[in-house]
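Please read the structure below before turning to the comments.
Any read-out appearing in this document is the output of simple, stated calculations on the displayed coordinates, not a laboratory observation. Worth saying up front: this structure is predicted, and the values here are computed from it rather than measured. For neighbour counting, all protein chains shown are included, and Cβ atoms are generated from backbone atoms with ideal geometry for every residue, glycine included.
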Amino acid sequence: MRAACFAALGIAISAAIPTADAAGAVTNGTYLPLAMVSGMFSATLHLPSALDAVIGAFPLKALADGLRSTYDPAAQGLPAGETVVLLVWTVAGVVLARRFFRWNP
């Protein structure tokens with residue numbers, strides 16, 4: 001489901017990118033800031049609780065926390081909260097991709 005979520009979001013965002021030259025700027029401009037505050041680069045990142053709640057609604061934070069819990073021997077199964085966040089973003093990505101994506105520009 002993690003791969004399906006990001007594939008659907010990638011196809012959906014491609015409908016909003018005007019040219020191939022702009023693709024790198026748009027994707028890196030959204031990915032890198034979210035990756036920095038989502039804990040992708042540092043597992044010991046501590047954010048204020050209000051900011052952590054906002055960031056927790058994004059799929060990158062759910063992916064990072066889900067993958068981290070997968071390697072935690074004390075964890076019991078898949079985390080339900082992260083799975084729900086990824087499922088919601090997957091559905092949103094599929095709906096947006098079906099609505100706006102076109103093979104021809």
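Per-residue extension of 0.36 nm, minus the Cα-Cα distance of THR83 and ASP52, leaves a gain of 9.5 nm for this segment.
Entry note, the chain: relative contact order of 46 percent, from Cα contacts under 8 Å with a spacing of 6+ residues.
Once the Cα atoms of helix 20-38 and of the chain are each reduced to a long axis, what angle between those two axes, in degrees from 0 to 90 to the nearest 10, is obtained? Approximately 10 degrees, to the nearest ten. Compared with the dominant principal axis of the Cα atoms in the chain, helix 2-14 is inclined by about 30°.
Each helix, a run of at least 4 DSSP H residues, gives -39500 (n - 2.57); summed and divided by the residues of the chain, these come to -22500 deg cm²/dmol at 222 nm. For segment 1-39, the residues whose backbone nitrogen is under 20 Å from a point 7 Å from the Cα of ALA75, taken along Cα to Cβ, are 1-7, 35-39.
Between ASP21 and SER42, how high is the FRET efficiency from 1/(1 + (r/R0)^6) when r is the Cβ-Cβ distance and R₀ = 35 Å? Nearest 0.05. With R0 = 35 Å, the Cβ-Cβ based efficiency is 0.65.
Whole number please: convex hull volume per residue, Cα atoms of the chain, in Å³.
On the way: hull volume 11.5 nm³, N = 105.
With only Cα atoms used, the chain gives 110 Å³ per residue.
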